[in-house]
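Trainee: Here you go, one structure.
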Amino acid sequence: MNNDKPSARPGAAGEAVGRDCLFCRIVAGDIPATVVHETDTTLAFRDIDPKAAVHVLVIPKAHHTDVVALAKDAPAAAADLLAAAAAVAEAEGVHTDGFRLLFNTGRYAGQEVFHVHGHVLGGEPLGPMLAPR
Ligand code: 5GP
Ligand code: ZN
């Protein structure tokens, strides 16, 4: 089985978009979220299960499955997402001591929600990037 084909991913080719996509539903206001930043094209809200003192998810309002699809299909939205993540880091006060901007992408990275999102993580020392091998 080839899971690398875009059509095999949720969110591609019309799957898991809109009503079926958790983050599209947050954008639509169907599911509540603690919004910390919003632009015409992006939304940032606190992760429901924070993994650090500051843990904010930054998403494009339009549905794109992952960062690869976003970069290919909507580079302007990708730039907006990066700018929004930087604005969140500043607003949350994590940019001075440092923070992580993380995009889990696909199976090996454990991506759970197939609407691209950057994790802004900070507010405390974050430890090594990955568990030691
Ligand atoms: P992923 O593993 O796909 O990179 O990250 C998905 C993130 O979404 C997880 O950190 C998870 O805690 C978060 N999450 C899942 N469901 C909800 C929800 O309903 N609301 C919010 N705010 N975050 C959620
Ligand atoms: Zn979506």
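Trainee: If the Cβ limit is 8 Å and pairs must be 6+ apart or interchain, which residue in the range 53-82 that is polar (S, T, N, Q) pairs with which residue that is at pLDDT below 95 and not in a strand (DSSP E or B)?
Mentor: Listed pairs, sorted by first residue: Thr65/Pro6; Thr65/Arg9; Thr65/Pro10; Thr65/Gly11; Thr65/Ala12.
Trainee: Here are some conditions: (1) within 16 Å of ligand 2 (Cβ to nearest atom); (2) part of a loop (DSSP other than H, G, I, E, B); (3) surrounded by fewer than 19 Cβ atoms within 10 Å (Cβ to Cβ). His63 meets all but one. Which one does it not meet?
Mentor: Tallying (1) within 16 Å of ligand 2 (Cβ to nearest atom); (2) part of a loop (DSSP other than H, G, I, E, B); (3) surrounded by fewer than 19 Cβ atoms within 10 Å (Cβ to Cβ), His63 fails exactly one: (3).
Trainee: Here's a check for you: in the range 66-77, which residue that is in a helix (DSSP H, G or I) and not small (Gly, Ala, Ser) is surrounded by the most Cβ atoms within 10 Å (Cβ to Cβ)?
Mentor: Filtering first and then ranking leaves Leu70.
Trainee: Need the failing condition index for Ala33 against (1) in a loop (DSSP other than H, G, I, E, B); (2) touching a residue at least 24 places away in the same chain (Cβ under 8 Å); (3) not acidic (Asp, Glu), just the number.
Mentor: Condition not satisfied by Ala33: (2).
Trainee: Restricting to the range 78-116, count the residues that are more than 12 Å from the chain's Cα centre (by Cα), among the hydrophobic types (A, V, I, L, M, F, W, C) and assigned to a helix (DSSP H, G or I).
Mentor: Matching residues across the range 78-116 total 7.
Trainee: Is it the case that the range 31-52 has a residue that's over 12 Å from the mean Cα position of the chain (by Cα), farther than 25 Å from Gly127 by Cα, of a type in the set (Asp, Glu) and within 14 Å of ligand 2 (Cβ to nearest atom)?
Mentor: Scanning the range 31-52 turns up no residue that is over 12 Å from the mean Cα position of the chain (by Cα), farther than 25 Å from Gly127 by Cα, of a type in the set (Asp, Glu) and within 14 Å of ligand 2 (Cβ to nearest atom).
Trainee: Quick one: in the range 98-112, which of the residues that are near ligand 1 (Cβ under 6 Å from one of its atoms) and of a type in the set (S, T, N, Q) is surrounded by the most Cβ atoms within 10 Å (Cβ to Cβ)?
Mentor: Looking at the filtered set, the residue picked out is Gln111.
The values are calculated or read from the model by the stated rules, or taken from the named source; none is laboratory data. Just so it is clear, the model here is predicted, and its values are computed rather than measured. As a convention, Cβ positions derive from the backbone with ideal geometry for all residues, glycine included, and neighbour counts pool all protein chains shown.
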